[in-house]
Amino acid sequence: MTDSSVRVRFAPSNTGTLHLGGARTALYNWLYARKRGGTFVLRIEDTDRVRSTDAFCADILDTMRWLGLDWDEGPETAAVDGPSKGEHGPYFQSERGALYRPFVERLTETGNAYRCFCSADRLTELREKQQAEKASFRGYDRRCRSLDPAETAKRAEAGEACTIRLAVPEGETGWDDGIKGAVSWNNAEIDDLILVRSDGTPTYNLVVVLDDHLMAITDVIRGDDHTSNTPKQILIANALGLTPPRFAHIPLILGPEGRKLSKRKAQFQDGVKVEADVAPYRDAGYPAEAFLNFMALLGWALDDKTEVFTREELIRDFSFDGVTKSGSRLDLKKLEHFAGIHIRAMEPDAIADAVTPSLVAAGLVSEVDAAGDKRAAIVALAGANRERLTKFSDIVEKASFVFGDVTEYDAKSEKNLLKNEGAAADVLRKYAVALEGKAPDAGQLEEQARSLAEEWDVKFGQLVHPIRAALTGVAVGPPIFDVFAMIGMDAARERLTRAAAWVDERRKATESSS
RNA sequence: GACCCUAUCGUCUAGUUAGGUCUAGGACACUGGGUUUUCAACCCAGCAACAGGGGUUCAAAUCCCCUUAGGGUCGCCA
């Protein structure tokens, strides 16, 4: 299965941020390359000078790095003149103009392409007419195709504006798609597309063919929306005498409402907007590996059982055989499920690392404390909440009682403190005393608490629930004996006695008012 | 409108290439139960699909045809 000659590429245009569909295309390319021991090339198609920006490029690079989709060749920064790696550069398409010239000449010399003097206005008119007439063929009417080449060359030399069009031959154009199988087009359906604009710059379809050839790309793996470009590109390659690469078209990712995922028209799942970009998922705190797992399974399956994959397992098991032919809707619930699984597989230390930025961002700890005094508390917090996190940022809502004092009790906690005629106050005070000199070890503390409950002749719950209320102020949280390690024994005892005092006060208040 | 592609539980999918082992398997979600100091996690159970119609065949989710539905593409954008 190893074939180091395999070269694949991901070629996003930086007219937008990295989209989920694009990210999955990148992932499948990457997996294919890594599995074969081949080369993964990143090329930025930045020839749309008005819409391309460095910021979008930076987003694409950053997001791919976050996903761990490292490229063997490509740019290293968003700057066109910045450093790059690889022998087939430049990797910004806008820098490659000079490389295309000889191919364009070859095209016209061999008669596989011709000069077209039709104005943009005439083409627009033509298109509108075809639409109005509901014509079945929509495209260029080939008016300039029959012009004498010698004459058109003269006109062009004289400075008359012209484009260069592919002279599509008669016949069939097909290929054996790595995913779809045999696909074929009648050439009569294919327009004499423009290869070179009147300003002399080459168009997308030409440039792709040339870049892929120049970069020695062996396999083009891309979204299904490119399927109809493929016969055009094969025709161009043929016209140049080049061997086209192998093609594989992966089905599109659909939003929860079943339409193609798009940044323009948001789609909703249970009233929640589903992001089409990748960065928001990173920023929300989903683990990269879980996101990768989720994306991989959107349109690919190994078998009828396996669902959880590490990066390495994905590389080992990925193949076109398992890629589905139909588009798939994404389901955020499934992403959350994967995220939970991946987080649960992490060590508390690693979770603590991952969770710290969220805590700092929420203003709960300073960066300095997070690395110093509070590190142990964060590790304890992370470890105790391992089963409760779906994304790293979820830690924030679980952490308030760790970094801030408990100043009030929620309704359920109040109830737990006040029931049984305030017996909790007594229990908490006794417990605070019993805690003296104890280490914050959850196992030992629980053991002690159980025997204390027996000794004091109260149910375990009658002890534990008030403790939870006293220490956290809320009725829902991690196993309560884990909390001591998060807040420290001194703070714990203080909170216990304070809660006891609060109970007394409340009872006094209600007695006097009744 | 034309062309290309696709069609299994609400969702992601296995099964289709080599028709019988499929009263269609798994997962998410949902529902019920168990476990438990709460919430989770975990365990058990349940719900739920071969788009429709014709063929071929002893036998079709699987092969063929039609219909329907969905998606994609039809730029001097990429």
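Here, each number is a calculation from the coordinates, and none is a lab measurement. Worth saying up front: this structure is predicted, and the values here are computed from it rather than measured. Glycine also receives a Cβ, built like all others from the backbone with ideal geometry; neighbour counts cover every protein chain displayed.
Could you compute how fast region A:7-101 diffuses translationally, taking Rh as the Kirkwood radius over C-alpha pairs and applying Stokes-Einstein at 4 °C with viscosity 1.567 mPa s? Give it in µm² per second.
After rounding, the answer is 97 µm²/s.
Can you spot the aspartates and glutamates whose alpha carbon is less than 12 Å from A:Lys263's alpha carbon? Ignore those fewer than 8 places along the same chain.
Partners within reach: A:Glu275, A:Asp277.
When only C-alpha pairs under 8 Å and at least 6 residues apart count, what is the relative contact order of region A:256-370, in percent?
The normalised contact order for region A:256-370 reaches 24 percent.
Please give the FRET efficiency for A:Leu214 paired with A:Ala153, using the beta carbon to beta carbon distance and R0 = 30 Å, rounded to the nearest 0.05.
0.70
For region A:365-492, what are Rg and Dmax over the alpha carbons, in angstrom?
Spelled out, the Cα radius of gyration and Dmax of region A:365-492 are 14.9, 46 Å.
When Rg is the radius of gyration of the Cα atoms in region A:96-250 and Rh is its Kirkwood radius, what does Rg/Rh come to?
0.97
Quick one: if the Förster radius is 35 Å, what FRET efficiency do A:Glu397 and A:Arg197 give, using the C-beta to C-beta distance and rounding to 0.05? Don't skip to the end; give the middle numbers.
Working: r = 55 Å, r/R0 = 1.56.
Using R0 = 35 Å, I get an efficiency of 0.05.
Amide H to amide H under 5 Å from A:Arg9: which residues, 5+ apart in sequence or cross-chain, H placed 1.01 Å off N in plane?
Under 5 Å from the amide H of A:Arg9 lie the amide H atoms of A:Val41, A:Ile221, each far enough along the sequence or on another chain.
Taking amide H positions as placed 1.01 Å from N in the peptide plane, with prolines and chain starts having none, which residues 5 or more places from A:Leu195, or on another chain, fall under 5 Å of its amide H?
Placed amide hydrogens put A:Ile164, A:Arg165, A:Leu166 under 5 Å from A:Leu195.
From Cα coordinates alone, what are the radius of gyration and Dmax values for chain A in angstrom?
In Å, with Rg to one decimal and Dmax whole: 32.3, 109.
To check you understand DSSP bridge types, tell me what percent of the beta bridges within chain A (both residues inside) are antiparallel, rounded to 5.
Counting only bridges with both partners in chain A, antiparallel ones make up about 60 percent.
Any idea what angle helix A:442-456 forms with the longest principal axis of chain A, computed on alpha-carbon atoms, 0 to 90 degrees, nearest 10?
The helix A:442-456 is inclined about 30 degrees to chain A.
Rg/Rh for region A:425-514 to two decimals, with Rh computed the Kirkwood way over all alpha-carbon pairs.
Ratio of gyration radius to Kirkwood radius for region A:425-514: 0.99.
State the three equivalent ellipsoid semi-axes of region A:267-344, derived from the C-alpha gyration tensor as the square roots of 5 times its eigenvalues, in descending order and whole Å.
Each semi-axis is √(5λ); the values are 21, 16, 11 Å.
Give the span of region A:174-266's Cα atoms along each principal axis, as three whole-Å numbers ordered largest to smallest.
44, 34, 31
Sketch the reach of a paramagnetic label on A:Asn238 as a point 7 Å from Cα along Cα-to-Cβ, and name the residues of region A:104-139 whose backbone nitrogen lies under 15 Å away.
What the label zone holds, given the 15 Å backbone N cut-off, is A:112-113.
Normalised by the residues of chain A, what does the relative contact order come to in percent, with Cα pairs under 8 Å and at least six apart?
This gives 11 percent for chain A.
May I ask for the Rg/Rh ratio of region A:210-365, computed from Cα atoms with Rh as the Kirkwood radius, given to two decimals?
1.06
Take the residue pairs A:Lys334/A:Lys398; A:Lys438/A:Lys508; A:Lys412/A:Lys459; A:Lys129/A:Lys273 and return only those whose Cα atoms are more than 28 Å apart. List each step's numbers first, then the result.
Working: A:Lys334/A:Lys398 23 Å; A:Lys438/A:Lys508 32 Å; A:Lys412/A:Lys459 18 Å; A:Lys129/A:Lys273 40 Å.
Beyond 28 Å between Cα atoms: A:Lys438/A:Lys508; A:Lys129/A:Lys273.
Per residue of region A:322-336, in order, report the coupling 6.51 cos²θ - 1.76 cosθ + 1.60 (Karplus, θ = phi - 60°) as ³J(HN,Hα) in whole Hz, putting x for Gly and Pro.
Taking θ as phi minus 60°, the curve returns x, 7, 6, 9, 9, x, 10, 7, 9, 10, 4, 4, 5, 4, 4 Hz for region A:322-336.
Mind pulling the angle between the C-alpha long axis of helix A:120-132 and the longest principal axis of chain A? Nearest 10 degrees, somewhere in 0 to 90.
For A:120-132 against chain A, the angle is about 70 degrees.
Are there cysteines in chain A with no other Cys C-beta under 4.7 Å, and if so, which?
That list is A:Cys57, A:Cys118, A:Cys162.
Would you work out the Kirkwood radius for region A:348-395? I mean one over the mean of 1/r across all pairs of different Cα atoms, in Å.
The Cα-based Kirkwood calculation yields 10.3 Å.
Straight-line reach from A:Lys154: which aspartates and glutamates have Cα under 16 Å away, leaving out those fewer than 8 places along the same chain?
A:Glu105, A:Glu109
Show the residues, 5+ positions off or on another chain, whose built amide H is closer than 5 Å to the amide H of A:Gln269.
Close amide H contacts, sequence-distant or interchain: A:Val274.
Tilt of helix A:230-240 relative to the longest C-alpha principal axis of chain A, in degrees (0 to 90, nearest 10)?
Helix A:230-240 sits at roughly 40 degrees to that axis.
Contour minus end-to-end for A:Asp54 and A:Val360, with contour as 0.36 nm per residue of separation and end-to-end as the Cα-Cα distance?
Between A:Asp54 and A:Val360, full extension yields 107.3 nm more.
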